[in-house]
Amino acid sequence: MLAPPSHRRKDRFKMALSMKSVLRSGRNAVSILRRRAFHRSAPAAAQVTVRDALNQALDEELERDERVFLLGEEVAQYDGAYKVSRGLWKKYGDKRIIDTPISEMGFTGIAVGAAMVSVSLYKPDDFHLTRKLSAQRETIFFIFYFFQAGLRPICEFMTFNFSMQAIDQVINSAAKTYYMSAGLQAVPIVFRGPNGASAGVAAQHSQCFAAWYAHCPGLKVVSPWNSEDAKGLLKSAIRDDNPVVFLENELMYGVPFEMSDEAQSKDFTVPIGKAKVERQGTHVTLVSHSRYVGHCLDAAAVLAKEGIECEVINLRTIRPMDVESIEASVMKTNHLVTVEGGWPQFGVGAEICARIMEGPAFNYLDAPATRVTGVDIPMPYAKILEDNSVPQIKDIIFSIKKTLNM
Amino acid sequence: MQNLLSLLSNALCRITGRTAGAQTVSELLIGLSEYVSLTSPSAPDLAQTQRLPPKPPPVVALRASAALLASTSLAAAAARVVASRSSTDLTPQVTLDIKKCDLHCLEEGPPVKATLTREQGLQYYRTMQTVRRMELKADQLYKQKIIRGFCHLYDGQEACAAGVEAAITPSDHVITAYRAHAYTYTRGVAVKEILCELTGRRGGVSKGKGGSMHMYAPRFYGGNGIVGAQVPLGAGIALACQYQGNNQLCVTLYGDGAANQGQLFEAFNMAALWKLPCVFICENNQYSMGMSTERASASTDYYKRGDYIPGLRVDGMDVLCVREAVKFAADFCRAGKGPIVMELQTYRYHGHSMSDPGVSYRSREEVQEVRSKNDPIALLKEQMLSNNMASVEELKELDVTIRKEVEEAARFATADPEPPLDDMCNHIFKNDPPLEVRGTNPWSRLRSVS
């Protein structure tokens, strides 16, 4: 499926780069050309699905840094359970794309261990006693530091529900280690996979783990919505020297979004810890993450016809949360509605409300903040029940109107 | 190159205490050469206690680690062996018979004879005695309530730590569970810093933030509190070694209690599948907390638990047995044959931790019997004395020196101030701009730097 020949300078440049990589990895030529055509040959702002954006990000980071590798169930020969890692095994081989047996605790521990083999540079301290090893060790350490890089694993969970089996490794072995070692031992790892409700997969496969992971210091938790978020945040996460939990959404994988030229470049990253205002508004602030950002935008479009202008904030990062952006928005609109798919108790919305109360924006609220969340039940199976267990656009509209006292 | 040079010379400045940086490569080499010949872990005391140029120690050996350095051009001119200055009628080297190991899925096992040189003997003795005294000192400090929380002591098991370290190189990797003080020491951390970490002071190896179970060093990944979690981590470290093709391996230690954890078998499966260079070592000290092996395990042949993975059962009270077995296992792994499981049969004199007297599930007589008949330090001492490799006075002098060093370290650990509150929130993330951390109340906004 080759694209028609392109005469744009940028495309010729990209073609030259592809040819260069073709020459370097001859046997992967076909797949590279096919992939290139699939993703990059369309003009300017391309329609890219979230799945392909993630695939691009993985491909680019694997290419950029030898230390990056992907491990998880079915990521290699199966092309990924949700096809996110399609083509990567063919391109990078067994060493970089590793199929694991169904042993979450085991392979998560293995991934964390591989990330630990990254030697932190010994910094001279401000305190009166530096940690001193034997002279011999210190000499060897300095010599070896320059000649050995650590690894940067990407650990895929088929869904985050299965990460519960491995959660000890994520929290106790990954998140806390940099602190417990007072900076000696870093863990540059990314845990990624689909999170939250899907379609008809019932209770054990539909839980949202944003609140669970965001509770823990030492972790960064990221939740992209569209393709640009997905690609930019995944690249940032892989380049980050800390453990990052990357919460994707299965229902978003197939959704295409327009991606600007800039977003399609190899060095495009989205900073972790910064929210994005997706839509400017004046009457109410809607804060959401992942799939429900889309729902908020749809609700905003409906309400715009009634003269209510909603400001929609896409959190992008759950931890560390960009509270400043929310505060700035609330100080403008005086109303706050949070929207999420997870359960209400002790959730992301609860945290946002607490933080707003503790900050300067509280005095600007004209009404208590409202949380729109999933229903506080295990996810049922029947379609009608499932549909009513997660926030729908009508629920968001209803909550906004209640908050605005209309 | 300039940066490399300046960084290296900075390191040397800190080591040697000289204020001037090395201006030329030759100065650097001279500075480096003074340290290549020092043995580890006796070196830490020299490096710390003085800012003077080091005096050459009386007995020096060219260790495997130094040999490694010697292979790089930087250290080529620097390696030297100082001959023993002891009296001429002491035996320099002896070959001893050691116990044969039980084998699982192996045709041949480790050799039944081990060579012990005088230098090695003294070094192992020194290591084991330092660990013993350090653990007993920790016991004392705990009872004085200067150490708090968890404290899992290793006395009785010293031969395992000493033997493992003797068999591997400093570029290999080690990870263990919570009974980790000995390995922290053998991997290069000074006694002073271990005790400081136990007392929770700023001079501790983890600056007081980790505690007994969370001490780290280059190529030593702790110290892990969750039973069994270190085993997949160790397999992962081995994966990284294999990935980088650096001929290193990872020694992953766990206890007879952790041997029943599911994640071990997950790690075994993947290690065997991918032929990871991992030596899994079960330190079977007969009790997991209060559960004896018969009460906890349907199969007490821990060396067979790897099923399809070859296994060795080793006498863990004889440092030479342990050394030979680990050497055998290391060669096995480095040959690309995959992982190997070892069981070291050993014993702990103390209870599981300091809150356990250790006699409710076993008899005092049993502990006494092991102490009198099977003590690892006494065993080595006996081997050296009966082969005339050292004099009684020499060993006694060594005991006194070590006791003094540990005493000094404990004094320091008790006097060192606690970490400053400013440090409390640091080290959450690496290489991140400073971030704000919420304190106990909304007005308490603390600062965290990487």
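The values are calculated or read from the model by the stated rules, or taken from the named source; none is laboratory data. Bear in mind that the values here come from a model prediction, so they are computed numbers and not experimental data. Every residue, glycine among them, receives a Cβ derived from its backbone with ideal geometry; neighbour counts consider all protein chains shown. Remember, those area values only see protein heavy atoms, side chains included, never the ligands or the DNA or RNA. Shrake-Rupley method; radii C 1.70, N 1.55, O 1.52, S 1.80 Å.
Miscellaneous remarks
- Out of A:L247, A:L234, A:L251, sole residue that is under 25 Å from A:A166 (Cβ atoms) and more than 13 Å from the chain's Cα centre (by Cα): A:L251
- Members of the range B:213-241 found to be out of contact with any Pro (no Cβ under 7 Å at 6 or more places or on another chain) and part of a helix (DSSP H, G or I), listed by number: B:Q230, B:V231, B:P232, B:L233, B:G234, B:A235, B:G236, B:I237, B:L239, B:A240
- Members of the range A:237-279 that are basic (K, R), assigned to a strand (DSSP E or B) and out of contact with any helix residue (DSSP H, G or I) (no Cβ under 7 Å at 6 or more places or on another chain): A:K276
One line per residue, one yes/no per condition, for (1) open to solvent by 10 Å² or more (accessible area, probe 1.4 Å); (2) at pLDDT below 95; (3) away from chain A (no Cβ under 13 Å); (4) under 25 Å from B:E343 (Cβ atoms):
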site	(1), (2), (3), (4)
B:L153	no, no, yes, yes
B:Q157	no, no, yes, yes
B:V174	no, no, no, yes
B:V189	no, no, no, no
B:C196	no, no, no, no
B:R201	yes, no, no, no
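- None of A:Y82, A:Y122 is open to solvent by 30 Å² or more (accessible area, probe 1.4 Å) and either at pLDDT below 60 or hydroxyl-bearing (S, T, Y) (or both) except A:Y82.
- Test: residue in the range A:282-303 that is of a type in the set (F, W, Y), under 25 Å from the mean Cα position of the chain (by Cα), at pLDDT 95 or above and farther than 30 Å from B:P434 by Cα: yes
- Scanning the range B:97-114 for residues that are open to solvent by 60 Å² or more (accessible area, probe 1.4 Å) and among the β-branched types (V, I, T) yields one hit, B:V112.
- In the range A:290-299, the residue that is surrounded by the fewest Cβ atoms within 10 Å (Cβ to Cβ) out of those that are assigned to a helix (DSSP H, G or I) and touching a residue at least 24 places away in the same chain (Cβ under 8 Å) is A:D298.
- Test result for A:G218, in a loop (DSSP other than H, G, I, E, B) and more than 12 Å from the chain's Cα centre (by Cα): yes
- Enumeration of residues in the range B:227-252 that are open to solvent by 20 Å² or more (accessible area, probe 1.4 Å) and either under 19 Å from the mean Cα position of the chain (by Cα) or more than 8 Å from every other protein chain (Cβ to nearest Cβ) (or both): B:V227, B:Q242, B:G245, B:N247
- When each of A:G218, A:G193 is tested for being touching a helix residue (DSSP H, G or I) at 6+ places or on another chain (Cβ under 8 Å) and within 14 Å of chain B (Cβ to nearest Cβ), the lone residue that passes is A:G218.
- Index of the failed condition, B:R179 passing every other in (1) in a helix (DSSP H, G or I); (2) in contact with a strand residue (DSSP E or B) (Cβ under 9 Å, 6 or more places away or on another chain); (3) more than 9 Å from chain A (Cβ to nearest Cβ): (1)
- Lone qualifier among B:E294, B:E266 - being more than 16 Å from B:C105 (Cα to Cα) and surrounded by fewer than 23 Cβ atoms within 10 Å (Cβ to Cβ): B:E294
- Listed by position, the helices (runs of 4 or more DSSP H) inside the range A:300-406 whose residues that are touching a Ser or Thr at 6+ places or on another chain (Cβ under 7 Å) and among the charged types (D, E, K, R) number at least 2 form an empty set.
- Here the range B:395-420 is the region considered, the condition is being within 13 Å of chain A (Cβ to nearest Cβ) and not in a loop (DSSP other than H, G, I, E, B), and the residue that is nearest to A:P320 (Cα to Cα) is B:A413.
- All positions within the range A:191-208 that are surrounded by 24 or more Cβ atoms within 10 Å (Cβ to Cβ), farther than 18 Å from A:K83 by Cα and out of contact with any Ser or Thr (no Cβ under 7 Å at 6 or more places or on another chain): A:C208
- For A:R371, the stated conditions hold: it is open to solvent by 20 Å² or more (accessible area, probe 1.4 Å), basic (K, R), within 25 Å of A:N161 (Cβ to Cβ) and touching a residue at least 12 places away in the same chain (Cβ under 8 Å).
- Residue list for the range B:253-293, restricted to those being among the charged types (D, E, K, R), more than 8 Å from chain A (Cβ to nearest Cβ) and touching a Gly at 6+ places or on another chain (Cβ under 6 Å): B:K275, B:E283
- Of the residues making up the range A:287-307, those that are aromatic (F, W, Y) and out of contact with any Gly (no Cβ under 9 Å at 6 or more places or on another chain) number 0.
- In the range A:84-105, the residue that is farthest from the other protein chains (Cβ to nearest Cβ) out of those that are in contact (Cβ under 8 Å) with a residue 60 or more places away in the chain and either in a helix (DSSP H, G or I) or of a type outside the set (S, T, Y) (or both) is A:V84.
- Test: residue in the range B:294-305 that is charged (D, E, K, R), part of a strand (DSSP E or B) and in contact (Cβ under 8 Å) with a residue 40 or more places away in the chain: no
- Test set (1) in contact with a Lys or Arg (Cβ under 6 Å, 6 or more places away or on another chain); (2) more than 18 Å from B:M213 (Cα to Cα); (3) open to solvent by less than 20 Å² (accessible area, probe 1.4 Å) - B:T130 fails condition number: (1)
- Within the range A:168-190, restricting attention to residues that are assigned to a loop (DSSP other than H, G, I, E, B) and facing chain B (nearest Cβ under 7 Å), the residue that is most open to solvent (accessible area, probe 1.4 Å) is A:L184.
- Here is the figure for the range B:425-450: residues that are in a loop (DSSP other than H, G, I, E, B), surrounded by 15 or more Cβ atoms within 10 Å (Cβ to Cβ) and more than 8 Å from chain A (Cβ to nearest Cβ) total 2.
- Taking the numbered list (1) closer than 24 Å to B:N374 by Cα; (2) open to solvent by less than 30 Å² (accessible area, probe 1.4 Å); (3) modelled with pLDDT of 95 or more in turn, B:Q286 passes all entries but (2).
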